[in-house]
Amino acid sequence: MSTHPLAAPGPATPVRVSRPRLLARFSQYVGFTPAAVLFGVFFGAPMVMIVLYSFWTQNGYSIESRFTVANYQTIFSTPVYIDTFLTTLWMTAAASAATLAIAFPFAYWLARYVRRGWQRPLLFLVIVPFWVSYLLRVTSWTIILGSKGGLAHLLGLFGLNTPSWFLYDRPAVIFVLVYLYFPYAALTLFSALERFDWRQVRAARDLGATQARALRTVMLPQIRPGITTAVIFVFIPILGEYLTPQLVGGTRGVMIGNLVDNFFEEAQFAQGATVSVLIAAVVVILLIVFRRSLEVGEMYGR
Amino acid sequence: MKRNLMTRREALRAGAMGAGAVALGGIGTAAASAASANTPVTFDMLTWNDHYDPKKQLPAITKETGITVRPTLGSDDGTMFIKAKESHQEFAVVSADALWVPYYHQQGLTVPFDIKSFAVSKQLYSASLDVSFWKAGSNYLAYPRAWSALRIYYNPKYVHPAPTSWEVLLDPKYKGKFVRENQPTDIVAEAGLATGSKNPYNMTTAELSKAKQFLQAAKPAYLDLVSQNTGVVTALANGTAWFTSENLGTDIRVKQAGGPLIKAAIPKEGVVGWLDAEMKMIGPDEDRFEQFINAWGQAEWIPPLFKEFEEAWFNESAYKLLVNAGMKELADAVGYNDPEGALKAHLKGPQKNPGAYIQVFNEVFGA
C-alpha cells in the first residue's frame, strides 16, 4: 500500500467534511441557482430540443423521433441554403462593420471631448429609439425609403431619381440594421473608452508617437475587450435577423433567418431546426474566436 | 278489506298537488340543467384573430353562457394542426381551412355534430351547410365561418391588357411590380395552377418541378413578399406595386387607402381560395360546443368584425345588418352574398409532402 508522500505519518483516518463546511460549500452556489434554472429552462432545454429535432424525421406534418441525418444532407446538398448562408454572413459582416465604423467615432468624441455633464444626456438620446417598438422602427423605414418617401422627396428636390435599391434590396437591409444596432455598439464602446486613461495617449505623443500611432498602439489594445463585446452584441443578433429583411428587403434582401421562418411557418420543424443549429454553430465558433480578445488579463501581461 | 277511497274533492286536491309537484320538479330539473349549462368553464380556442372580437363579443359570451373563451392565435393550418394534435385535448375549438377540416377528423381529433340542430345555423346561407367534404354521414364536421377566393388585382394604368393568365408574371415589363402576401404554400400552388396542375395543393414531384421553373422565371416580377395584406394594399395604393394576387375586396381596400382604381382579373388557369370553420374538438367540454357556437355565431357580432377584416362570412342574417349599416358595396365586393363562389376556387388543404413545397419556395426565393 503506498502512501502519499506528503501524508502525515500515523494511522489513516477517513477524510470527513464537517456538516457546516458542506453547508458552506453548498451555500456559495445558492445565488447562482436562479440564473442556472433560468438558463437551463429557457435556454438549455430549448437548445437541446432544437438539436434533437434537427436529427429527427419529418413525416408530413409530424415529427418522428427516428434518428436521421437527412435534414443536414438536404441543407448541405441544396445550393440555395449554402448561398443564402454565405450571403447572410457577408451582409452581417458589412452591417456590423458599418455600425462599428459609425459608433466608434461617436463614442470616441463623447468620451474624450464632451464634458461629463453632457455625456449622460447625449447617451440618453442614443437609447431613446428603444422606447419605440422594433416593428414600428423598421416599418417607419419602409415609409422613409419608399419610392414616395421622405428620402425620395428630398432627392427629388435636387432633381435626382430614387435608386431602386433604396428599398426592397440588400443595401436597404444593411442600412436599417446599422440604424437598429448602432445604440448597442455606441453604448458598449463608450463604456470601454470612458474608463481609458487619456493621459497615456498624451505620454505616447510626448515620446514622439504620432496621434494615429498613439491611438493604435496604446488605446486600441486596452479597449479591445470593449470592441469585441460590441462586435458580439451586433454581429450575433444580426446573423439571426429575419424581420428586417422581410420588411425592407423584398425578394432580393433575403437572409438565412427568413428561410428558417419559412420552414416553421409551414410546420417543417426538423429542417427549420437544422438550419437553426447551423446558425448556432457559427455563433459558437465566432465566440470561441473572440474569446481571446475578451481576456482582459492578457493585455496587462498576466 | 277496506279500500282507500278518496272523495272527489280529495282526488282533485291530490291531483292538483301532484301536478304542482311535477311542475315544480320540472322547474327544478330545468333550473339544474340551466345551472349546469352555465357552469363556468374556460374554452381554449386555437384560431385566427379575425374570428372573434375580444372587447365586446367574448365578454358577452361569458356573461351569457359562463364560457370564458381564451384564444390562442395560430399562423397557418399546418402549425395549428400540430399544435392541436400535440396539445392533448387542450383546445375545445380549433379553426381550420377547407380540406384541413376532414383531415383533423381522419386524425381522430374532432367530433361531427348535427349542425341543423344548432339554433344559430338558421342564420347561415344554405350553401355553407352543403359543403360535401365537411359532411360525415348526416353530421357536419365544422361550423362554417367565412371564405374568400383570390384574384389578380391590377392597376389598369400600368398593367394592360388585363391579365388573363398567371403568365402575366413572366412579362419583363412588370419586373419588380408584383407584391404578394408571404404564403409559401399558396405561392407554389399558384405556380402549379400556372403550369397546368389540377390539384395545386397536392402536386406530384413532376408538377412541383414545373411549378419551380415557373416561379424561377416569375421571380423578377416579385418585388416583395409582405407579412400582412395591409402591406399589399399600401404598395398598390402608393404605386410601388402594380399588381397582386389577393383576397376579394382588395380593389375597395386600395380605394379606401386613397389609392388608384384597381381591377380584378380571374386567370384562366384558376385561382386558390379558402373557407374556414370552427371544429368541435374531442375533449372534456364537448357538450358545451353548441352553446358556444350559438352565442359566438350570432349575426350581431359580425358587422364590427367585417368592418375590421372585410371578409365574406357565411352568416346571411349578418349580410342584412351590413346592408342596413351602409356596407353593401364592400360586402358585395368581397362576395359576401355569393357563398357559392367559395367552392369555385382551389381550396386549401394538407399536402402529402409539405416539405417539398417549402423546398421549392426556398430554392426560388432564397438568396
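The values are calculated or read from the model by the stated rules, or taken from the named source; none is laboratory data. From a predicted model like this one, the values you see are computed outputs, not experimental measurements. Note that each Cβ is placed from the backbone with ideal geometry, even for glycine, and that neighbours are counted across all protein chains shown.
Here A:184, A:168 are screened, and the one residue that is touching a residue at least 40 places away in the same chain (Cβ under 8 Å) and in contact with an Asp or Glu (Cβ under 6 Å, 6 or more places away or on another chain) is A:168. Please go through the stretch B:225-257 and pick out each residue that is in contact (Cβ under 8 Å) with a residue 24 or more places away in the chain, within 14 Å of chain A (Cβ to nearest Cβ) and under 24 Å from residue B:50 (Cα atoms). Of everything in the stretch B:225-257, those that are in contact (Cβ under 8 Å) with a residue 24 or more places away in the chain, within 14 Å of chain A (Cβ to nearest Cβ) and under 24 Å from residue B:50 (Cα atoms) turn out to be B:225, B:226, B:227, B:228, B:231, B:232, B:233, B:235, B:236, B:244, B:257. Pairs are defined by a Cβ separation below 6 Å, a sequence spacing of at least 6 or placement on different chains, a first member in the stretch B:162-185 that is touching a residue at least 12 places away in the same chain (Cβ under 8 Å) and under 17 Å from residue B:267 (Cβ atoms), and a second member that is surrounded by fewer than 16 Cβ atoms within 10 Å (Cβ to Cβ) and among the small types (Gly, Ala, Ser); the pairs so defined are B:170/B:217. Out of A:226, A:240, one residue alone is modelled with pLDDT under 95, more than 14 Å from chain B (Cβ to nearest Cβ), within 25 Å of residue A:58 (Cβ to Cβ) and under 16 Å from the mean Cα position of the chain (by Cα). It is A:240. In this structure, is residue A:84 hydroxyl-bearing (Ser, Thr, Tyr), under 27 Å from residue A:262 (Cβ atoms) and in a helix (DSSP H, G or I)? So residue A:84 fits the description; yes.
Applying the condition of being β-branched (Val, Ile, Thr) and farther than 18 Å from residue B:160 by Cα to the stretch B:210-241 and asking which residue is surrounded by the fewest Cβ atoms within 10 Å (Cβ to Cβ) yields B:230. Pairing each residue of the stretch A:63-87 that is at positive phi and modelled with pLDDT under 95 with any residue that is in a helix (DSSP H, G or I) and among the acidic types (Asp, Glu), provided the two are 6+ apart or on different chains, yields no C-beta distance under 8 Å.
Considered as a group, the residues in the stretch B:263-281 that are under 30 Å from residue B:89 (Cα atoms) and among the acidic types (Asp, Glu) include one that is surrounded by the most Cβ atoms within 10 Å (Cβ to Cβ), and that residue is B:276. Among helices (runs of 4 or more DSSP H) entirely within the stretch A:15-76, having at least 1 residues that are of a type in the set (Lys, Arg) singles out A:19-27. Counting the residues of the stretch B:273-322 that are touching a residue at least 60 places away in the same chain (Cβ under 8 Å), among the aromatic types (Phe, Trp, Tyr), assigned to a helix (DSSP H, G or I) and under 21 Å from residue B:118 (Cα atoms) gives 4.
Evaluate the stretch B:60-68: report whether one residue or more is under 15 Å from residue B:297 (Cα atoms), part of a helix (DSSP H, G or I), out of contact with any His (no Cβ under 7 Å at 6 or more places or on another chain) and among the acidic types (Asp, Glu). Checked against the condition, which is being under 15 Å from residue B:297 (Cα atoms), part of a helix (DSSP H, G or I), out of contact with any His (no Cβ under 7 Å at 6 or more places or on another chain) and among the acidic types (Asp, Glu), the stretch B:60-68 yields at least one hit. A residue that is surrounded by fewer than 17 Cβ atoms within 10 Å (Cβ to Cβ) and modelled with pLDDT of 95 or more occurs nowhere in the stretch B:242-254. For the stretch B:192-208, which positions are in a helix (DSSP H, G or I) and touching a residue at least 60 places away in the same chain (Cβ under 8 Å)? Selection gives B:193, B:194, B:205, B:208. Within the stretch B:155-181, being over 12 Å from residue B:244 (Cα atoms) and assigned to a loop (DSSP other than H, G, I, E, B) holds for B:156, B:157, B:158, B:160, B:161, B:162, B:164, B:165, B:171, B:175.
Among the residues of this structure, residue B:360 counts as one that is within 14 Å of chain A (Cβ to nearest Cβ) and buried (at least 23 other Cβ atoms within 10 Å of the Cβ).
Checking each residue in the stretch B:93-110 for being part of a loop (DSSP other than H, G, I, E, B) and surrounded by fewer than 23 Cβ atoms within 10 Å (Cβ to Cβ) picks out B:99, B:107, B:108, B:109. Summed over the stretch A:85-99, residues that are surrounded by fewer than 23 Cβ atoms within 10 Å (Cβ to Cβ) and among the hydroxyl-bearing types (Ser, Thr, Tyr) total 1. When B:260, B:350 are checked against the criterion of being buried (at least 22 other Cβ atoms within 10 Å of the Cβ), of a type outside the set (A, V, I, L, M), outside any helix (DSSP H, G or I) and within 14 Å of another protein chain (Cβ to nearest Cβ), a single residue qualifies: B:350.
If you check A:248, A:234, A:254 for being over 19 Å from residue A:112 (Cα atoms), more than 14 Å from every other protein chain (Cβ to nearest Cβ) and buried (at least 22 other Cβ atoms within 10 Å of the Cβ), only one passes: A:234.
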